[in-house]
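Visitor: Encoded as structure tokens, here's the structure I'll be asking about.
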Amino acid sequence: MLSHYISKLLRRSYSRAISNYRGFASTNVETDSTERDPALFFFNKEIQECLQTLTTLDYNKIFRTRKDGHKQEVPQFKFLTDEQLKEARKVAECRAKEYLQMPPVVKQRLELSEPLYEDPALQDHDNVKYIFTDITYGLKDKQRSIVVREPDGTLRHASWKERDRMIQTFFPKPGRELQKPKMFESEYLKDLLNRNEYEFILDRACTQFEPDDPDYQAITQEVYEHINAKSDFDVLRSTRHFGPMVFHLVWTINIDNLLYEMIETNRIKDAALLIRLYHMIHPTTKSAVEQCEHTDDVDFVMHYVRLESLKKDKIQKLLRSYKELQQERKIVAEGIKEAHGISSKTDKT
């Protein structure tokens with residue numbers, strides 16, 4: 001009975017410390033841009049829709065064969081009616097969206113350093129630390145109280161690394177190791193990045209770490225920055241990691257390379273959507289405050305490039321080439337219609 005009461009008291013103390021930290025974080029959202037919580041933006045419905053649209057649905061890529069150790073299923077061929085085919089496509093779309101479920105982007109966690117109790121009578125009683133873990137069935141990991149008794153008699157909340165180790169010991173998660181895998185060390189990570197193993201690194205990081213873990217955020221950001229430097233965006237397109245990467249580039253005001261790649265690959269609608277996403281997250285920037293008078297996607301992109309882009313000349317030149325190419329295609333299309341006896345007047349009627 002007493003142990004149950006103590007466990008409940010510690011859990012309440014831990015929850016209070018967490019809520020105090022969250023309260024501190026939320027008060028800084030409006031006052032200091034560097035302290036903004038990305039989760040408040042990332043989980044916004046409009047921003048989620050933008051990220052999902054930019055990710056795109058390439059079924060060949062989503063359902064491709066993966067070398068992940070799982071046994072491959074034998075393909076099945078069926079004769080379907082039009083209705084059955086329509087239903088099968090809906091099922092495939094739902095499965096694809098499940099595969100593209102994005103890992104959350106949240107603020108980095110802070111250590112809970114406030115001691116719970118100091119007992120001088122226990123000083124030098126032992127020369128090792130004791131860790132006490134609440135293993136009550138059904139609790140979420142964040143709710144589980146874990147405390148440490150130091151050799152000097154201080155009772156404190158466990159650090160995040162101590163918590164992760166204890167939770168993995170008592171409630172192991174498949175694929176997660178007690179120690180950080182060597183592949184995430186600088187030497188091995190650089191080798192994987194140079195071999196363009198971006199999705200493998202990010203999938204493994206999602207398995208090994210929690211989203212608010214400093215190691216997870218450092219690793220994912222290093223991958224995103226490497227992709228941005230090499231403009232290898234298409235490697236992550238149509239994967240669950242494309243949205244968080246786009247969000248990171250927008251959050252850090254570093255979208256020029258991605259914008260250039262979108263225009264170069266004739267994704268002008270995606271380029272315009274990227275800038276609208278940029279305005280949602282940074283509503284006080286020049287291009288957001290000074291409204292664009294044109295509704296055309298090319299002019300809208302040009303508006304941002306003229307006011308904010310660090311690669312203004314390069315992107316403007318590409319946009320002019322894009323407009324010229326579109327004009328030439330329009331002339332060719334009209335010529336083909338005339339050759340077939342279809343005039344623009346008959347199209348309008």
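The values are calculated or read from the model by the stated rules, or taken from the named source; none is laboratory data. Here the structure is a predicted model, which is why all the values come from computation and not from measurement. Every residue, glycine as well, gets a Cβ built from its backbone with ideal geometry; the counts of neighbours run over all protein chains shown. Quick note on the areas: whole protein, heavy atoms, side chains included, nothing else; ligands and nucleic acids left out. Shrake-Rupley method; radii C 1.70, N 1.55, O 1.52, S 1.80 Å.
Visitor: Filter region 86-126 down to the residues that are among the small types (Gly, Ala, Ser) and either at pLDDT 95 or above or within 22 Å of Phe242 (Cβ to Cβ) (or both), then identify the one that is most open to solvent (accessible area, probe 1.4 Å). Lay out the reasoning, then the answer.
Guide: First pass over region 86-126, keeping only residues among the small types (Gly, Ala, Ser): 88, 92, 96, 113, 121.
Adding the requirement that they be either at pLDDT 95 or above or within 22 Å of Phe242 (Cβ to Cβ) (or both) leaves 92, 96.
Details: Ala92: 33, Ala96: 0 Å².
Out of the qualifying residues, it is Ala92.
Visitor: Checking Glu83 against (1) among the charged types (D, E, K, R); (2) within 30 Å of Arg144 (Cβ to Cβ); (3) open to solvent by 100 Å² or more (accessible area, probe 1.4 Å), only one condition comes out false. Which one?
Guide: Against the list (1) among the charged types (D, E, K, R); (2) within 30 Å of Arg144 (Cβ to Cβ); (3) open to solvent by 100 Å² or more (accessible area, probe 1.4 Å), Glu83 comes up short only on (2).
Visitor: Next question, about the same structure. On the given criteria, is Glu73 open to solvent by 100 Å² or more (accessible area, probe 1.4 Å), under 31 Å from the mean Cα position of the chain (by Cα) and of a type outside the set (Lys, Arg)? Spell out how you get there, then give the answer.
Guide: On the way: open to solvent by 100 Å² or more (accessible area, probe 1.4 Å): yes; under 31 Å from the mean Cα position of the chain (by Cα): yes; of a type outside the set (Lys, Arg): yes.
In short, yes.
Visitor: Looking at Lys182, Lys142, which one is among the basic types (Lys, Arg) and modelled with pLDDT under 90?
Guide: Within the list Lys182, Lys142, the selection yields Lys142.
Visitor: Please find, among Gln72, Gln76, Gln101, the residue that is among the polar types (S, T, N, Q), closer than 22 Å to Phe209 by Cα and in a loop (DSSP other than H, G, I, E, B).
Guide: Details: Gln72 fails: closer than 22 Å to Phe209 by Cα; Gln76 fails: closer than 22 Å to Phe209 by Cα.
Criteria check complete, one pass: Gln101.
Visitor: Which condition number in (1) at pLDDT below 50; (2) surrounded by fewer than 14 Cβ atoms within 10 Å (Cβ to Cβ); (3) under 21 Å from the mean Cα position of the chain (by Cα) is the one that Thr27 fails?
Guide: With (1) at pLDDT below 50; (2) surrounded by fewer than 14 Cβ atoms within 10 Å (Cβ to Cβ); (3) under 21 Å from the mean Cα position of the chain (by Cα) applied to Thr27, the lone miss is (3).
Visitor: In addition: Could you list, in sequence order, all residues of region 127-140 that are open to solvent by 50 Å² or more (accessible area, probe 1.4 Å) and touching a residue at least 12 places away in the same chain (Cβ under 8 Å)?
Guide: Asn127, Val128, Lys129, Tyr130, Ile131, Phe132, Ile135, Thr136 - these are the residues of region 127-140 that are open to solvent by 50 Å² or more (accessible area, probe 1.4 Å) and touching a residue at least 12 places away in the same chain (Cβ under 8 Å).
Visitor: Right, Val246: outside the structural domain of Leu310 (by the TED database), open to solvent by less than 10 Å² (accessible area, probe 1.4 Å) and closer than 24 Å to Gln179 by Cβ or not? Reasoning before the result, please.
Guide: Working: outside the structural domain of Leu310 (by the TED database): yes; open to solvent by less than 10 Å² (accessible area, probe 1.4 Å): yes; closer than 24 Å to Gln179 by Cβ: no.
For Val246, the condition - outside the structural domain of Leu310 (by the TED database), open to solvent by less than 10 Å² (accessible area, probe 1.4 Å) and closer than 24 Å to Gln179 by Cβ - is not met.
Visitor: Anything in region 159-212 that is open to solvent by less than 30 Å² (accessible area, probe 1.4 Å), without any contact (Cβ under 8 Å) to a residue 12 or more places away in the chain and part of a loop (DSSP other than H, G, I, E, B)? List them, or say none.
Guide: Phe209
Visitor: In addition: State all residues of region 217-238 that are surrounded by 19 or more Cβ atoms within 10 Å (Cβ to Cβ) and either among the acidic types (Asp, Glu) or within 11 Å of the chain's Cα centre (by Cα) (or both); if no residue qualifies, say none.
Guide: Gln217, Thr220, Tyr224
Visitor: If you don't mind, another one. Given (1) part of a loop (DSSP other than H, G, I, E, B); (2) at pLDDT 95 or above, where does Asn266 come up short, assuming only one miss?
Guide: Every condition holds for Asn266 apart from (2).
Visitor: Next question, about the same structure. Six or more apart or on different chains, Cβ atoms under 7 Å: show the pairs whose first residue is in region 286-301 and assigned by the TED database to the domain that holds Arg276 and acidic (Asp, Glu) and whose second is open to solvent by 80 Å² or more (accessible area, probe 1.4 Å) and at pLDDT 80 or above.
Guide: Asp297/Lys269
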